[in-house]
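The values are calculated or read from the model by the stated rules, or taken from the named source; none is laboratory data. If you're wondering where the values come from, they're calculated on a predicted model, not measured in any experiment. In this analysis, Cβ positions are derived from the backbone assuming ideal geometry, glycine residues included, and neighbour counts consider all displayed protein chains.
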Amino acid sequence: MKKLIYILFLLFIFHESIAQKVRLGFDLGYGTYQMSQLKEFQEELIDLSPVKSVQIVEQFPAYFNYSANLDYYQTSRSLLLGLNLTYFTTGGRNHVKDYSGEYKLDMPLRGYRIGIQLRSEMLGNEKWKLYNKVKIGGILTSLELEESIVVYDEQSDLPGYSFSSEGIFIEPSLGLSYEIVKKIHFDLSFGYQLDASTGLYLSGFKGSFIQNSSNDKVSVNWSGFRTYLGVAYDIF
């Protein structure tokens, strides 16, 4: 019985030492996205449109993104090591409308990023910390091509297509953390994400890639500047 109590006591101490170092965070971000090859491909699609005078009205602009973080906190080294999940979205649109009808091609683009992150605190005190962070991992991307045409109030939805890609990324950043109240932290950071460009293929058919007029693969590239504003909570 004494041995059992001793073992349970050690397990409790071990649990407490680990649990006191777990942090959960959520970030609202804003980023620019390179997408140079997709933009060129979108411009080429104008010549393939079933109607004339089509214009680009949206071309993969900067937009908001959303992140969740789960970190293990090494207090002795002022390090946080953890997981990061991020959702990106942007898109393109070719469009024309007049008295006789309307043509629209939508290209919604979504990215799902998962990776590990390492944060090192450089300066600060008990309330605020200046830190650097690096994230690295993979990105899954989905692209939809959705066409519709309206002629004298009669709408026709043309066949749509879904494309996918996989890639890798690295994102270094600098940030500032401030403890608003006990265990709750406010974070502001700035960084740059760098991607390894990957080709977009027809979903379910990895050998069928989008190609431009030069028969080159069209790649997606989420590289760009990042800003994050978030809140984190020390669970234990």
Every residue from segment 96-115 that is surrounded by fewer than 17 Cβ atoms within 10 Å (Cβ to Cβ), of a type outside the set (Phe, Trp, Tyr) and at pLDDT 95 or above: ASP106, PRO108, ARG110, ILE114
Residue among LYS206, LYS217, LYS182 that alone is more than 18 Å from the chain's Cα centre (by Cα), of a type in the set (Lys, Arg) and closer than 25 Å to GLY115 by Cα: LYS206
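Conditions (1) modelled with pLDDT under 90; (2) outside any loop (DSSP other than H, G, I, E, B); (3) crowded, with 16+ Cβ neighbours inside 10 Å; (4) hydrophobic (A, V, I, L, M, F, W, C), marked per residue:
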site: GLU43; (1), (2), (3), (4): no, yes, no, no
site: LEU48; (1), (2), (3), (4): yes, no, no, yes
site: LYS52; (1), (2), (3), (4): yes, no, no, no
site: ASN65; (1), (2), (3), (4): no, yes, yes, no
site: ALA68; (1), (2), (3), (4): no, yes, no, yes
site: SER76; (1), (2), (3), (4): yes, no, no, no
site: THR89; (1), (2), (3), (4): no, yes, no, no
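Specify the residue that is surrounded by the most Cβ atoms within 10 Å (Cβ to Cβ); the eligible residues are those in segment 22-41 that are part of a helix (DSSP H, G or I) and of a type outside the set (Ser, Thr, Tyr). Write out each step before concluding.
Residues of segment 22-41 that are part of a helix (DSSP H, G or I), as a first pass: 36-41.
Filter once more, keeping what is of a type outside the set (Ser, Thr, Tyr): 37-41.
Working: GLN37: 19, LEU38: 25, LYS39: 15, GLU40: 14, PHE41: 20.
Restricting to residues being part of a helix (DSSP H, G or I) and of a type outside the set (Ser, Thr, Tyr), the top hit is LEU38.
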Those strands (runs of 3 or more DSSP E) lying entirely in segment 127-216 with at least 3 residues in contact with a Gly (Cβ under 9 Å, 6 or more places away or on another chain), surrounded by 12 or more Cβ atoms within 10 Å (Cβ to Cβ) and not basic (Lys, Arg): 128-151, 161-181, 184-196
